[in-house]
């Protein structure tokens, strides 16, 4: 199955305030979209709406393929060793231990597989969140500020993981203030509603 | 089904890992130990009132882990990740209710044996109490998860959870304590009916609560 995501005339209202409206784009296999815009303009809300977590006020979202979302919360059990915490999600997604091992390798976390999640530093936790996305083998990656807290080497790992995902026909939407090396990405700048 | 089992085992493992099973049982036994000190060593009085006291203790023991049922998963984004994977909130709630019951229901039924001895209950009363606990604790578990999902987004939700849950548990207490007495058969049926109602409504009410947490 080829990944596809088509958004038409999307609008989102939160707390009685129109965050954005008239958002339209269509992405196919291997495409990437870089969301930019000032704080509070609704980048995270757009990603959550695409993931199906927020009700859509108007317009439509048509997704083909499984979706994975990486936001600021790692969603990993703090007391479990990293590999087992990732293993819970990999088990749900049907990728199993092989998926976890590949994800740990991709984000240079393999030596930390036995370390409880609560012991990880901010940057390591960020990489663990991204490893969860990697291990899910989802077609559509929604990344909310994936580069936050990452050092230069880890940013390189993230860029390599995104490139590999796109080369395999995956699709990436990232909200970020960093360029993330998304080659040939469509840019979408959200503007504050008047 | 796979998602249901995965969530069930995860929640059960978490509750067992954090002393979840020990805490309600110790609390339950503590009440059973303190009660004779409070009313005096009158065997007849203890035997007459002991069953009802154990029901109140069971209700309060079921209330103890309520702030850990939903709130941590909502904060850490686990519930969002279930949603992204398209797992229905009702399935999540049903798995959480089952895991919560497995975490305290059977343990309370075992703890009721020494507690009954402490309160001088005879064999017939103990049997009625055990049957009542078997019928009533699933309802308490459903009620606990419902209230947990409603209070998860609030600060100091734990205290509010108690205020919300105790009045709603009144039917279970009345029929639970009643099922021990002289006309126990009828009360037991009402107890089972109230419990069944809560178990049937629970997944939907708690599911709606989980959806509301995302706003």
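List of remarks:
- Residues in the stretch B:92-112 include at least one that is crowded, with 18+ Cβ neighbours inside 10 Å and within 14 Å of residue B:213 (Cα to Cα).
- Flag if residue A:26 is out of contact with any helix residue (DSSP H, G or I) (no Cβ under 6 Å at 6 or more places or on another chain), more than 14 Å from chain B (Cβ to nearest Cβ) and closer than 23 Å to residue A:165 by Cα: yes
- Pick from the stretch A:66-77, criterion buried (at least 20 other Cβ atoms within 10 Å of the Cβ) and not in a strand (DSSP E or B), ranking: nearest to the other protein chains (Cβ to nearest Cβ): A:75
- Selection of the stretch B:114-130 for residues being touching a helix residue (DSSP H, G or I) at 6+ places or on another chain (Cβ under 7 Å), under 12 Å from residue B:51 (Cβ atoms) and assigned to a helix (DSSP H, G or I) yields B:115, B:116, B:125, B:126, B:128, B:129, B:130.
- Scanning the stretch A:41-65 for residues that are more than 8 Å from chain B (Cβ to nearest Cβ), in contact (Cβ under 8 Å) with a residue 12 or more places away in the chain and part of a loop (DSSP other than H, G, I, E, B) yields A:41, A:42, A:56, A:57, A:65.
- The conditions of being more than 15 Å from residue B:56 (Cα to Cα) and either in a helix (DSSP H, G or I) or under 16 Å from the mean Cα position of the chain (by Cα) (or both) are met by residue B:161.
- Any helices (runs of 4 or more DSSP H) falling wholly within the stretch B:9-113 and containing at least 2 residues that are more than 14 Å from chain A (Cβ to nearest Cβ) and either modelled with pLDDT of 85 or more or within 29 Å of residue B:123 (Cα to Cα) (or both): B:22-39, B:43-63
- Unique residue being crowded, with 24+ Cβ neighbours inside 10 Å and without any contact (Cβ under 8 Å) to a residue 60 or more places away in the chain when the list is B:191, B:168: B:191
- The set of residues from the stretch A:179-189 being buried (at least 17 other Cβ atoms within 10 Å of the Cβ) and farther than 7 Å from residue A:32 by Cβ comprises A:180, A:188.
- None of A:87, A:96, A:123 is farther than 26 Å from residue B:211 by Cα and within 14 Å of chain B (Cβ to nearest Cβ) except A:96.
- Looking at the stretch A:78-194, the helices (runs of 4 or more DSSP H) lying wholly inside it that each contain 2 or more residues that are out of contact with any helix residue (DSSP H, G or I) (no Cβ under 7 Å at 6 or more places or on another chain) and over 23 Å from residue B:84 (Cα atoms) sit at A:152-167.
- Only one of the listed residues (A:19, A:92) is touching a residue at least 24 places away in the same chain (Cβ under 8 Å) and buried (at least 18 other Cβ atoms within 10 Å of the Cβ). That residue is A:19.
- Residue B:167 vs. criteria out of contact with any helix residue (DSSP H, G or I) (no Cβ under 6 Å at 6 or more places or on another chain), within 20 Å of residue B:97 (Cα to Cα) and assigned to a helix (DSSP H, G or I): yes
The values are calculated or read from the model by the stated rules, or taken from the named source; none is laboratory data. Keep in mind the model is a prediction, meaning the values are calculated, not measured. Note that each Cβ is placed from the backbone with ideal geometry, even for glycine, and that neighbours are counted across all protein chains shown.
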